[in-house]
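K.L.:
Below: one structure in structure tokens.
The values are calculated or read from the model by the stated rules, or taken from the named source; none is laboratory data. The model shown is predicted, which means the values in this text are computed figures rather than measured ones. Don't worry about glycine lacking a Cβ; one is built from the backbone with ideal geometry, like all the others, and counts go over all protein chains shown. For the accessible areas, the whole protein counts, side chains as well, though only heavy atoms, and no ligand, DNA or RNA atoms are used. Shrake-Rupley method; radii C 1.70, N 1.55, O 1.52, S 1.80 Å.
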Amino acid sequence: MTRRRVLPRTLVVRLDSAGDVLLAGPAVRAVAAGSAYTALLCGPRGAQAGTLLPGVDEVLVYDAPWVGLEPPPVTPAATRRVLQTLTAGRFDRALVLVSYHQSPLPIALLLKLAGVGWTGADSEDYPGALLDLRHRRPAHRHEALAALDLAQDAGFALPPGDDGALRVKTPPDTRHLTGSGPYVVMHPGAAVPARAWSAERAARVTAALAAEGHRVVVTGGPGERDLTAKVAGDHGLDLGGATDLRHLAGVLAGARVVVVGNTGPAHLAAAVGTPVVSAFAPVVPAERWGPYGVPYVLLGDQTAECAGTRARRCPVPGHPCLDGVSDAEVLAAVAALGEDQPSGTAPGDRTPRKKNGANPDTETPREPGDVPGPGGGSETERGATV
């Protein structure tokens, strides 16, 4: 008699922003394919993105005091609340997804206290008894692939036919916001100012696009209305504050090309299959955070003085890495990416594209191991191994 395989209740943790959560999507789908129930623990800035990911049964929110631009204070009450939430989830396994410069150990401690039996994560720090799988990512790995590597080594494989691209649930038709004609999206804002054009430079880009004959739709969040109004001016349709993340996905899905900095909407554009002109400030490396899985053109001086600083505000007068990009470069990039795109497509009408060569395909996934035993590899350490 064949023993029935019991699938685990699994928690995936990604406590950062919306873009980070979107990049976790392929790993989440791998986990969901091998789990009976999949929950995603997000920070407040990533929760909307979490609800868009296929494979997620429940989104939990925790404002962790070691994450974010304005982290909350450490309090016993908040710690008790998250422990109660995690304990109530009765999770068998957890994967903690972090960026290459972050530690998974604070949340790993809380997971152990909440009774989660098995936890895996990338960790440069000695984990003691906090991790059951200490995974080591290859150098220079893109964040989306690093998360998928961890999931696969934990025994979770992408389901057959899943190409490992970024993906969200089908977005709504937003032609009532954009109109039905073809358009290019200009998204000027970013939570980290160093990663965006100055408002003046972005406004000139919008004007140049309009002069070239493009219909420009300018997008931004509720707190960016002043910015989008300035950038749109008399040359673009201002949708600042008019969309939540789900409807923004619809706007991006209908665009021929999206012009955007290194921020969440760049990854949302990739998740709906739209090519990206990426104005990428080198304060973090593009090899890890650039657009993933869609055609793109990278603009910006990647060797500027700010490279690798992780600065939130540009430390170089004049913001030359981005504001030095010429209108001609932007127009050429939009033309190159938009030449093969259909005009005025609605969400869901777009044919999936091949991945950009700068984003390597995922490695052939291993078959998921029986729970709770994870997979294994040369970049893996078990338990409290130094």
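K.L.:
With each pseudo-label sitting 7 Å past Cα toward Cβ, what's the Glu70-Thr303 distance in nm, one decimal?
P.N.:
Reported label-point gap for Glu70 and Thr303 is 3.9 nm.
K.L.:
Sort Val334, Val61, Val6 by heavy-atom solvent-accessible area, probe 1.4 angstrom, most to least.
P.N.:
Val6, Val61, Val334
K.L.:
Give me the one-decimal nm value for the distance between modelled label points at Leu109 and Arg175, 7 Å along each residue's Cα-to-Cβ direction.
P.N.:
According to this spin-label approximation, the distance is 5.5 nm.
K.L.:
Oh, and also: Can you give the FRET efficiency for Asp244 and Glu58, using 1/(1 + (r/R0)^6), R0 = 25 Å, r = Cβ-Cβ distance, to the nearest 0.05?
P.N.:
E between Asp244 and Glu58, to the nearest 0.05, is 0.80.
K.L.:
Please list 3J(HN,Hα) in residue order for the stretch 279-286, calculated via the Karplus relation 6.51 cos²θ - 1.76 cosθ + 1.60 where θ = phi - 60°; whole Hz, with x for glycine and proline.
P.N.:
These are the phi-based 3J(HN,Hα) values: 7, 10, 6, x, 4, 10, x, 5 Hz.
K.L.:
Taking a probe of 1.4 angstrom, what is the accessible area of Tyr62 in Å², to the nearest 10?
P.N.:
20 Å²
K.L.:
Can you give me the long-range amide H partners of Thr119? Hydrogens built in the peptide plane at 1.01 Å from N, cutoff under 5 Å, separation of 5 or more residues or another chain.
P.N.:
Ala94, Asp132, Leu133
K.L.:
Show me, for the stretch 181-196, the HN-Hα J-couplings you get by feeding each phi into the Karplus relation (A = 6.51, B = -1.76, C = 1.60, θ = phi - 60°), rounded to Hz, glycine and proline as x.
P.N.:
x, x, 7, 10, 8, 10, 10, x, x, 6, 5, 9, x, 5, 9, 10
K.L.:
Search the structure for amide H atoms under 5 Å from the amide H of Leu237, placed 1.01 Å from N in the peptide plane, and list their residues when 5 or more places away or on another chain.
P.N.:
Those lying under 5 Å, H to H, from Leu237 are Val216, Val217, Val218.
K.L.:
Measure off, as a whole percent, the carbon and sulfur share of the 1.4 Å-probe accessible area of the stretch 96-198, all protein chains present.
P.N.:
With neighbouring chains kept in place, the figure for the stretch 96-198 is 56 percent.
K.L.:
Another question, if that's okay. Which FRET efficiency, nearest 0.05, do Ala335 and Ser198 yield, Cβ-Cβ r, R0 25 Å?
P.N.:
Values: r = 24 Å, r/R0 = 0.96.
Rounded to the nearest 0.05, the efficiency is 0.55.
K.L.:
Going by accessible area, probe 1.4 Å, with all protein chains left in place, what is the ranking of Thr243, Thr87, largest first?
P.N.:
Numbers: Thr243 20, Thr87 75 Å².
Descending order: Thr87, Thr243.
K.L.:
Let me ask another. Tell me the label only: which of (i) 144; (ii) 132; (iii) 124 is volume of the Cα convex hull per residue in Å³ as calculated from this structure?
P.N.:
(i)
K.L.:
Roughly how many Å² is the accessible area per residue of the chain, as a whole number, for a 1.4 Å probe?
P.N.:
42 Å²
K.L.:
What accessible area, in Å² to the nearest ten, does a 1.4 Å probe give for Arg137?
P.N.:
For Arg137, solvent-accessible area is about 40 Å².
K.L.:
Taking 0.36 nm per residue of separation and subtracting the Cα-Cα distance, what length does fully extending Tyr37 through Leu83 add?
P.N.:
My answer for the length gained is 14.7 nm.
K.L.:
Something else now. Quick one: ranking Arg136, Arg5 by accessible area, 1.4 Å probe, largest first, what do you get? All intermediate terms of the calculation are to be shown ahead of the outcome.
P.N.:
Numbers: Arg136 65, Arg5 90 Å².
Most to least solvent-accessible, the answer reads Arg5, Arg136.
K.L.:
Please list the non-local residues whose amide H lies under 5 Å from the amide H of Val294, H modeled 1.01 Å from N, same-chain partners needing a gap of 5 or more.
P.N.:
Residues meeting the criterion, in which the H sits 1.01 Å from N, are Asn356.
K.L.:
OK, next. Let me cross-check Glu339: its accessible surface, 1.4 Å probe, with only protein heavy atoms counted, in Å² to the nearest 10?
P.N.:
Rounded to the nearest 10, that gives 130 Å².
K.L.:
Can you tell me, using C-alpha contacts under 8 Å and at least 6 residues apart, the relative contact order of the chain as a whole percent? If you can, show how the numbers build up before the last one.
P.N.:
On the way: 850 pairs, mean separation 72.0, N = 386.
Relative CO of the chain lands at 19 percent.
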